[in-house]
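In what follows, a structure is listed as structure tokens, so that the remarks can point back to it.
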């Protein structure tokens with residue numbers, strides 16, 4: 001085996017076929033980081049001229065003229081081949097020391113322990129505890145969940161060998177009903193062009209201000225569009241509703257319910273049906289009044305409800321970010337966006353729809369549990385990754401840790 005620097009072309013070719021690939025280990029992310037003054041290099045291991053391991057290295061100068069190195073979602077290799085992992089790490093360590101590195105960070109795209117829909121461990125399921133143990137034996141230190149840069153817990157839905165009917169049947173009834181209502185009342189999903197990204201970004205900013213989370217500058221989304229869109233690997237969507245058409249449909253449904261109510265005989269056996277129809281009419285009248293109020297306030301027929309961003313790189317579609325206008329949450333348009341992308345995944349041969357980040361240790365009902373509950377409604381399972389690791393490369397690592405601790 002031979003540790004080598006790789007060309008971008010060599011890395012790209014290897015990355016395309018590797019089972020652990022994801023968008024964060026793509027060369028485009030390296031190019032995005034370069035805009036923030038990171039430097040990109042590629043290294044790997046060759047065995048008889050064949051690449052058997054590789055990783056993208058991002059580096060930037062830190063304190064004391066030393067460098068931080070980070071491999072997003074690296075390594076790309078067989079983590080169960082301990083000889084290979086040991087060789088790669090040993091040689092990488094030597095290489096990075098010649099580059100004045102003080103730390104190397106890595107967060108493999110590898111499941112830690114298999115979990116079910118509720119976040120409980122699956123008996124006899126996937127267990128990569130030995131991988132974690134081996135990395136720690138090589139000198140890596142586990143980073144606490146709260147300090148990790150990338151998502152550590154996800155929620156996913158398998159699409160392989162499934163049909164739309166299968167997926168609808170397996171959803172929670174409430175989720176299925178909401179999707180059918182959004183379709184019935186004419187909410188439309190519109191793919192956003194580069195020139196329309198500001199509309200998408202405005203939704204995120206409103207949501208961020210409301211929920212107190214940081215929203216990236218619009219330049220990030222513009223760069224992601226430029227880097228990934230030509231290959232159809234990123235898509236931005238907004239949902240819209242034509243209030244005039246929506247109110248017309250509500251009124252048509254109202255008249256239909258009123259006709260049914262009028263045709264019911266006064267027989268006591270119909271009391272249950274009568275009560276249900278009256279409740280439906282009450283709900284419809286409320287929706288009509290609310291929609292007319294929105295239409296009068298907005299002074300327009302078509303309103304924007306929500307927006308979402310997805311990464312589409314085989315074998316999975318990743319739901320990366322989203323936002324909603326608070327006053328239009330009642331329309332539940334995010335359910336429709338997810339369903340449209342799930343159907344897209346089925347049509348284009350994706351194996352998984354990844355709803356992406358959920359709170360860690362979900363079975364303990366942590367903060368933001370509602371995010372998980374929304375995703376859980378579509379059915380699926382929790383995925384816990386093995387996490388982020390730091391490899392100290394000089395005494396500067398410990399010195400900087402001490403300084404950070406004192407400042408904190």
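Each value in this text was obtained by applying a stated rule to the coordinates, not by laboratory testing. Everything numeric in this text was worked out from a predicted model, so none of it was measured. Don't worry about glycine lacking a Cβ; one is built from the backbone with ideal geometry, like all the others, and counts go over all protein chains shown.
Overview of results
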read-out	value
Approximate spin-label separation residue 369-residue 163, in nm, with each point projected 7 Å along Cα-to-Cβ	3.7
Segment 61-129, relative contact order [Cα under 8 Å, separation at least 6], %	34
Antiparallel bridges, percent of DSSP beta bridges restricted to the chain (to nearest 5)	90
Sequence of 229, 365 once ranked by neighbouring C-beta atoms within 10 Å, starting from the fewest	365, 229
Between segment 277-317 and segment 140-202, the Cα center-to-center distance that results, in Å	17
Residue of 268, 35, 226 that the Gaussian network model of the chain assigns the largest fluctuation, springs spanning Cα pairs under 10 Å	268
C-alpha long axis of helix 197-211 to longest principal axis of the chain, angle in °	90
Fewest-first ranking of 129, 212, 25, 156, using other Cβ atoms within 10 Å as the exposure measure	212, 129, 156, 25
Rounded tilt (10° steps) of 82-97 against the dominant C-alpha axis of the chain	70
Value of [θ]222 nm, deg cm²/dmol, for the chain, DSSP H segments ≥ 4, -39500 (n - 2.57) each, nearest 500	-13500 deg cm²/dmol
Length-normalised contact order of segment 244-298 in % [C-alpha pairs under 8 Å, at least 6 apart]	50
Residue among 264, 24, 385 with the largest mean-square fluctuation in a Gaussian network model of the chain, springs linking Cα atoms under 10 Å	264
Mean separation of Cα contacts under 8 Å, 6 or more apart, over the residue count of the chain: relative contact order %	25
In degrees, nearest ten, helix 271-298 long axis to first principal axis of the chain (Cα)	70
Which of 255, 190, 37, 134 has the fewest Cβ neighbours within 10 Å, and the rest in rising order	37, 255, 190, 134
Rg(Cα) / (2.2 N^0.38 Å) computed for segment 244-298, rounded to two decimals	1.34
GNM result for the chain, Cα springs below 10 Å: residue of 125, 380, 349 fluctuating most strongly	125
Cα-projected label distance for residue 249 with residue 1, points at 7 Å along beta-carbon direction, nm	5.8
